Every structure is written in structure tokens, then in C-alpha cells.
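The values are calculated or read from the model by the stated rules, or taken from the named source; none is laboratory data. In this text, all values refer to a predicted model and were calculated from it rather than measured experimentally. Neighbour counts run over all protein chains shown; Cβ positions are idealised from the backbone, glycine included. Quick note on the areas: whole protein, heavy atoms, side chains included, nothing else; ligands and nucleic acids left out. Shrake-Rupley method; radii C 1.70, N 1.55, O 1.52, S 1.80 Å.
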Amino acid sequence: MATSPCSSSGVSSSSSSGLGADAGLEIRTRSVEQTLVPLVSQITTLINHKDKPKRSDKTLQAIQRVGQAVNLAVGRFVTVGEAIANENHELKEEMSVACIEARRAGETIAQLTDVASLDHPESDSHITIFTDKTGVVKAARLLLSSVTKVLVLADRIVIKQIITSRNKVLATMEQLEKVSSFQEFVQIFSQFGNEMVEFAHLTGDRQNDLKDEKKKARMAASRAVLEKCTMMLLTASKTCLRHPDCESARINKDGVFHRMRLALEQVIEIVTDSRPNGENEMAPISIYSGIKEFKNKVEGLRENLYFLSKENLSTMLEVILEHTEDFTDSAYTSHEHREHILELSKQAKMELEQLVSVWMQAQNQKTKDLMEDLEVAILKTCQCMNELKREVHSAATSLAADLLKYHTDHMVLKALKITGVEGNLEAVAEYTCKLSEQKEQLVEMCRLLRHVSGTEPLEITCIHAEDTFQVTGPQIISAAETLALHPSSKIAKENLEVFCEAWESQLSDMSLLLREINDVFEGRRGEKRVYLSLPRPGKHNANLKALKPVKLDTEEQAKIAKLGLELHLLTSDVDSETEKWEDQENEIVQHGQGMSSMAYSMYLFTRGEGLLKTTQDLFHQAEIFATEGTKLASALHALSDQVHSDDKPLLLLEAEKLISMCKQLQITAKASAQGKSATFTKVDACILKTRNVMTLLCQLLPLCCKLLRKNKAGNGCLKPAPPWKEDRIRTGTNARTPERRVDTFGIKSLENHVTNMTFLESK
């Protein structure tokens, strides 16, 4: 089924100056987002200057330079966009319109900022940025909207390439299903291998470019299926060709083809952001996510007693407790865990009843005593939910640890291989029953782990693991039955080996997944590894009314949005760099990950989201961030003792820079601020200095990794780059991997033109 690439990435964002882009566009990829950041920065600078009373000659010249720079960059940008239009006729009309709009807006901005040569730029005789203040805003809005449209249209070409590549793979798969001779199969499979490599590259790039972590995880799961199934397809098809009348061999092969088609379809769904027949994706609800939402609602009562109904809260708890039945009804949950979960479920109902009672009274009469009683009820309810979360986590992870330890010897798989070669059908049937039991245990384990995974990407990984066990189990059985029917067949033996390897590999992956889930629970990692050491209400302070919490209002959030966006992008860059290190326990990586986590929390604060609820939370976070940076500097000093003498001065210089920047941030975070204006200035300064530290961190991480690699410290610090095992899908013919296309008219070339703009300091 060919899918239209129309639902591409686009923009739904706005700046503090009212520079809203087209509401119909939504940015879904980092490359588009990062390309727009310099342009937003330039235009924001111009908008901010139009209302400034002091206009020195230097400022006027700077404004004119920025206006000209924007116009020139847009001109080059549009030239590339027009070339894209000429290369892709189906987009020509839309692209041409967007390019014309962008060019016109760029020229308007250049005209309005042509102020350096004027004696009186405020004079009505000249239309400038100072006399036509709404004109520059309109031009800026049009420019952002049109440039974004060009980027989104260019992104559609990338999507189209992926769809075209998928269609080629599907067409070749259909040929492979119908072949009747080995010679024909080898020729077609050689072509199929090359097409899969191309598809792997295209989808790998897309996966890395996606902003949505959930979609990234789904893409990774689909690509993992395709990687493993490619080898399965080879051996299953060869087995079918060798034994054409064998029913179990045919079932085995059909299962592989079916799974590959599903994975290919899911990739296209993710890339085009569409669902078959217009269905909406229904994400399964986990106990963790349910508890998180429930607690947020309960804690929200501190600020607003009327924002939800008691029925709403009761329903939320009922849903959570229904999900705990997955644990209490499971045959694999221990008696002790089952009893504790039932006891805590009963306690949660009682705590909610007490909370609702006090809450209803407080709505009618807001006395000091009632509000204190409400606070106690909120704390007790949340504490009970935390204990329930801890109990289900313990139940799921202890079961997983026991099962993984029990099945590490792979005795059932070994027995199937032996009895299959012996042609012992009765023994094979006996061990296939044992494998089916093992499969049910592992599937149940995955379902329970999903409830406690803690993040959406890990939830998706659990679902992928469950599907893998569900599908691979029967495939091993059909492969074993084929070998038992043809015990002397080398290809049937090889086929069983391949499916057994897939099972063993998934068990190994489960050990890593279990460790990640535990890391999230203990606060070492998470969805952007949110830092969990912040003081929460009631935890460190008995008198909750001693400090009045201060939050940013909507206007202040809008002003600081651009800084927040830059901080967000930097956290992604730092995360990308730390993921390249093979030694994830390295002290430099640990500090880098911690700093990225805290910076991400600060970014969420600029959006009015996350754990940082007040400005005081933000300042506290900034202090901890600076402390973590100082620790990183110490680690850099330690590293300098390991590197060559030529490299040592550079590393020490960067470490000193980091120490200085962290000290400045600590001073800012600890400084007192009285009044709304002063507090906002302090918030702005803290986030700005955090951004500067993160910028330095982005430079430090690859430098350290390079120096470690240069000095051959340990076993190397970089993971191998190839995402798929390309050599595994090549046959005896000299199938060359197709060279990756140079993206002559794609996002990257557009990026280069926009990011060449020079920033104007607005100070």
C-alpha cells in the first residue's frame, strides 16, 4: 500500500514577539527545528530593538547589518528551495509560492532596517522599523511561516524517499516468495539485500532526526525486527526451497514474511504520522503513568480546589487499581507481593475517601485548620500511591530477574536442536510444549514490566519484547518440526539455529531492559533522565506556607521561550554525544548525563511543565547544575593526567572555562531578588548561563572521547556506528552496498544557508 507523504513535519510554535508560524504546520524533526533557531534569533533581535528608546549609531548600523544578513541568507535559501521545486514537480507549485513569500518578506525586512544612513530614523518621511512597527512584525511572521513551509516541503522529499525504498523492498519480497529455484532466489536475494541496506540507512537517519522519543522507540523496534528477520527470511526461504512439500517449513517462512510486512508498514506509519483507515493510536495505559497523572491531580488541589470533580479523581484511581489486577491475577506473582498490592489498593481507596471529605469541606469553608487537614490528606494519599508503585515495581522486576536467571542456560533450545537432528518427533513435541510454557512466562513478564517501565520509550520496548517472544516461539517450533522431519538437512538445522539465536538475543536484551527500568525507578535515568533530588513540598519543610511559591506568568514564559528552545536542543545534542560512549559508567559521561537531565528540567520550567514548579525550584536546580559542572571539571583534570602532553593544555583550559562559568551560575542562583521584575531577570540570567555551560559541554564531550580514543584508553569509548549488520544480508555474489545519496537538495543544504547567519548581540 503506497502512502502519501503529505503528513510531513511542520511548525506549531510562536515567539514572544507574536511571531506565530502557520498553525497548520508542526515541526516533527530536529533538523527543521535547528534550522529555524538562528532565524528566530535574528528576527527576535530586530523585534526587540524596534521599541528601544536609545539608538546609538552603533546600534543602527548593527540593525541594518542584521536586516541585510537576513535578506541575503533568505535569498540563498530561496535559491535552494527553487532548485528543490524544479527537481520535484509534484511539490513545485507549493514550493514556488513559499519561496516567493520568503523572498518578499526578506526584502521587506531589509528595507525596514535600512536605517544606518538616516539622520532621523524615527521621521515619518521614511518608513523604517521604528516608524512601521507592525510592518516588521508582519514581515517577520510571513518570513518564518514561508521558510518553515520550504523546510517542511523539503522534508516531504525525505519521506518520499523512505516510502519509495519501502515499496522497492516490498516488490522484491513478493518476488522472493514466488521463486522456485535456488539460482533465481540467490539473484533476487542479492538485490533484496542491497535494498534493505538502503532502507536501513534512510530509516536510521530518520529515527535519529525524530523529536518524539516515543516515535523514536517505535522506529527502533521496527528496524530491529527488520534486521533480525532479514537473516530469518534467508534461511526460512532456503529451507522451503529444499523441502517444498513440508508444511511446517512453509508456515515458518510465511511467518517471517508476514512479520516483515508489518514492520515495514509501521515504519511508514511513523514517518508519515498516519494510521491505517484513519485509526487513532491507542496507547496502552501503564500503572506508572496512571499513578503519575493521579498524583499530579491530587497535588493540584493545593492551588485550585475546583479544577476537577471528585468523580474524576475516583475514576482515575479505579483505573489504576484495575491494572493492579494484572499483578494480583498473575500466576507468576508471589503470594507476598499479591497480599501487599491488595492491602495497598484497599488503603488507597480509604485515603482518597478521606481526601475527598476534607476537600469538599474546604470548598465550602477555607479555614486554616481545614487547609492544613487537606495538606495532610494530600501527602498521605500520594505516599500511599508511591508505596503501591514501589510494590508493583518490586513484583515485576523480581519476577523478571528470576525468570531471566532461570532461562540463561537455554536448555529447552539445546534439547530441541538435539532431538531435531535425531529425528525424534515425540521428544521434539515434548520440548515444544516446554518452550510454549516458557514463552507464556516471558510474555507475562513483559506485560508486567510495561506497567513499571517509567517512560513511554521503555513501555514501547516492553511491548516489542512481548511481541518478539509471542512470534518467535511458534517459529522455533515450526523450524524444529521441520528439522525433525528432515534430520539430515543442513539448511533445516541452520534455520533452527537462526531462530534460536533470535530468542537468545531477546533474552539478553531483556537483561539490559530490566537494568534500564531499575535505573529509571532509582532516578539514575528516565525520560530525559529528570533529576529527582529537588526538594518536594512536605519532604524537607514542615511549614509549607513559609515560602510563597512564585511562578512565571504566561507573558514571562513567552519572553523566555527562545532561550528554553535553545536549551532543549542543547540537551538533545549532549544526550547524542553521551550515547556514543561505549563506557556509560565513565565519570565524564555520568556528569554529562546528569547536567543534561537538569538542563532539560529547566527547559520544561520555561514551558510551565515538569518538576520545577516555582522560581525557587529553578534557582535550586541551577545551583545543583553548577555543582555537577564543577565535578565534571575535576574529572577533566583527572583525564588530563592520562593524555599526551600536547593535548593537556587544551583540556585544562576547557576545564578552567567550565569552572569559571559554573561559579558565575552559582553566584547568580544564590543572589537575592526582590519583586517580580528582579525575579524574572534572575530566571533569565540563570537559564542563559546554563545554556552557555551546555554549549561548552557539547564541545567537551566529543573532545574527551577523541582524546581517550587517541590514547587508546581502556577498550575504546565509541560504539560501532553501523546500525544494521549489513554483511549478514549479502550472499555469495559481490553485492555492493549502494552508496548513500548525497542530499544535494534536502534539509542539510537548506540548514547551511540559514545557519551561516551571524548573530547580533542585543545588548
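Miscellaneous remarks
- Scanning the stretch 160-173 for residues that are open to solvent by 60 Å² or more (accessible area, probe 1.4 Å) and under 16 Å from T230 (Cβ atoms) yields one hit, K168.
- So V97, is it open to solvent by less than 30 Å² (accessible area, probe 1.4 Å), modelled with pLDDT of 80 or more and among the β-branched types (V, I, T): no
- Number of residues in the stretch 298-307 that are within 32 Å of the chain's Cα centre (by Cα) and loosely packed, with under 14 Cβ neighbours inside 10 Å: the value is 3.
- All conditions but one from (1) open to solvent by 60 Å² or more (accessible area, probe 1.4 Å); (2) assigned to a helix (DSSP H, G or I) apply to Q438; the one that does not is (1).
- Annotation: L632 fulfils all but one of (1) at pLDDT 90 or above; (2) within 14 Å of K689 (Cβ to Cβ); the unmet one is (2).
- Matching residues in the stretch 308-337 - criterion: being open to solvent by 80 Å² or more (accessible area, probe 1.4 Å) and within 31 Å of the chain's Cα centre (by Cα): E318, E322, E325
- Here A377, A415, A396, A427 are screened, and the one residue that is within 19 Å of D509 (Cα to Cα), touching a residue at least 12 places away in the same chain (Cβ under 8 Å) and surrounded by 14 or more Cβ atoms within 10 Å (Cβ to Cβ) is A396.
- Among (1) touching a helix residue (DSSP H, G or I) at 6+ places or on another chain (Cβ under 6 Å); (2) modelled with pLDDT under 90, the one test that N208 misses: (1)
- Test: residue in the stretch 606-623 that is outside any helix (DSSP H, G or I) and either open to solvent by less than 10 Å² (accessible area, probe 1.4 Å) or touching a strand residue (DSSP E or B) at 6+ places or on another chain (Cβ under 8 Å) (or both): yes
To keep it simple, each residue is scored yes or no on (1) at pLDDT below 90; (2) within 23 Å of A635 (Cα to Cα); (3) assigned to a helix (DSSP H, G or I).
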residue	(1), (2), (3)
E494	no, no, yes
Q506	no, no, yes
G523	yes, yes, no
V550	yes, no, no
L567	yes, no, yes
S572	yes, yes, yes
D583	yes, yes, no
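- Against the numbered list (1) open to solvent by 20 Å² or more (accessible area, probe 1.4 Å); (2) in contact with a Lys or Arg (Cβ under 8 Å, 6 or more places away or on another chain); (3) closer than 29 Å to L226 by Cβ, V421 comes up short only at (3).
- The condition of being modelled with pLDDT under 75 and open to solvent by 10 Å² or more (accessible area, probe 1.4 Å) holds for only one of Q42, Q64, Q34, Q68, that being Q34.
- Residue match in the stretch 256-265 (condition: modelled with pLDDT of 95 or more and closer than 16 Å to I491 by Cβ): yes
- Residue in the stretch 200-221 that is open to solvent by less than 30 Å² (accessible area, probe 1.4 Å) and within 27 Å of A492 (Cα to Cα) present: no
- Figure legend. Inter-residue proximity from the stretch 176-194: first residues basic (K, R), second residues surrounded by 18 or more Cβ atoms within 10 Å (Cβ to Cβ), beta-carbon distance below 8 Å, spacing 6+ or different chains. No pairs are indicated.
- Any hit, the stretch 402-415, residues being in a helix (DSSP H, G or I) and more than 38 Å from the chain's Cα centre (by Cα): yes
- Residue count, the stretch 707-733 (criterion: surrounded by 14 or more Cβ atoms within 10 Å (Cβ to Cβ) and at pLDDT 70 or above): 2
- Selection within the stretch 484-497 - surrounded by 19 or more Cβ atoms within 10 Å (Cβ to Cβ) and either within 28 Å of M445 (Cβ to Cβ) or touching a strand residue (DSSP E or B) at 6+ places or on another chain (Cβ under 7 Å) (or both): N495, L496
- Here is the figure for the stretch 239-248: residues that are in a helix (DSSP H, G or I), of a type outside the set (G, A, S) and surrounded by fewer than 22 Cβ atoms within 10 Å (Cβ to Cβ) total 3.
- When residues of the stretch 180-194 are limited to those that are open to solvent by 20 Å² or more (accessible area, probe 1.4 Å) and of a type outside the set (S, T, N, Q), the one nearest to H243 (Cα to Cα): F182
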